[in-house]
Amino acid sequence: MNMNWLPKTSSANIKQRLRSLNWLEILALVGLGLIIAIVQANLHFPLRLPGWRGLIWLTPLVATRLSTSRFGAASITSLSAAGCSWLIGVRNDPYDWFFYLVVGELLDLAYHQGRRWQKQVWFWAIVAGLIHLIKPLTRMIISAGGVWSYGFLASGYIYPLTTHFIFGAIAGFVGAGLLLWAKRRRSSELTDNES
């Protein structure tokens, strides 16, 4: 297994790394995760479209992943969202915390493994669509095991899988598109000011 993308650390430089951390950035990532979890827990619109809520929490998560090169940025945000979701308690789904946790890790993995396509909006649309499929697939397994019943599976499996992929792809497209557009615009303004 190739582990070259992992950061190289030793116990000798842990103190130096702690001093070099941008604690304000980490606090902002944790705060965004808390906001995502609270909004998700209290947002109720009867749209009858499985996966539409992914637009609300996956868009800022993709944008967060692209906004900083910090290792684990999406993981920090999703970990705080998972913790807050777990502390808030079961409102819609007792496994919401799990989805937040997995999504952040997978976005970080895609960021570090897909270096060639990091600045491509289509890449993030596909990644976010595939990652958002984890929720209905996991729910199908949980429902088949009889642990928890999900009503959206009554209409079959194809419809929820399709809508989750579409809403995830839209979230990835919007999150990456807005952030990459803002970065390009800022860099073009800087080059215009230099000339």
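Numbers for the structure displayed
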{"read-out": "For residue 63: the one exception among (1) buried (at least 21 other Cβ atoms within 10 Å of the Cβ); (2) among the hydrophobic types (A, V, I, L, M, F, W, C); (3) modelled with pLDDT under 80", "value": "(3)"}
{"read-out": "Test: residue in region 23-36 that is more than 23 Å from residue 180 (Cα to Cα) and either not hydrophobic (A, V, I, L, M, F, W, C) or not in a helix (DSSP H, G or I) (or both)", "value": "no"}
{"read-out": "Pairs with Cβ under 7 Å, 6+ apart, first in region 111-140 and at positive phi, second of a type in the set (Phe, Trp, Tyr)", "value": "none"}
{"read-out": "Qualifying residue in region 102-117 (condition: touching a Leu at 6+ places or on another chain (Cβ under 7 Å) and of a type in the set (Ser, Thr, Tyr))", "value": "no"}
{"read-out": "Qualifying residue in region 160-181 (condition: modelled with pLDDT under 85 and either more than 20 Å from residue 37 (Cβ to Cβ) or crowded, with 21+ Cβ neighbours inside 10 Å (or both))", "value": "no"}
{"read-out": "Matching residues in region 161-195 - criterion: being of a type in the set (Gly, Ala, Ser) and farther than 22 Å from residue 118 by Cα", "value": "195"}
{"read-out": "Residue satisfying all of: in region 96-138; assigned to a loop (DSSP other than H, G, I, E, B) and more than 16 Å from the chain's Cα centre (by Cα); modelled with the highest pLDDT among these", "value": "120"}
{"read-out": "Near pairs, Cβ below 6 angstrom, 6+ apart or cross-chain, from region 39-61 (touching a residue at least 40 places away in the same chain (Cβ under 8 Å)) to any residue that is charged (D, E, K, R) and not in a helix (DSSP H, G or I)", "value": "41/91"}
{"read-out": "Some residue of region 148-158 being modelled with pLDDT of 80 or more and either closer than 18 Å to residue 100 by Cα or part of a helix (DSSP H, G or I) (or both)", "value": "yes"}
{"read-out": "Pairs with Cβ under 7 Å, 6+ apart, first in region 65-89 and in contact (Cβ under 8 Å) with a residue 60 or more places away in the chain, second part of a loop (DSSP other than H, G, I, E, B)", "value": "71/7"}
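The values are calculated or read from the model by the stated rules, or taken from the named source; none is laboratory data. Please read these numbers as outputs of a predicted model, since none were measured by experiment. Because the Cβ atoms are built from the backbone with ideal geometry, glycine has one as well, and the counts that use them run over all protein chains shown.
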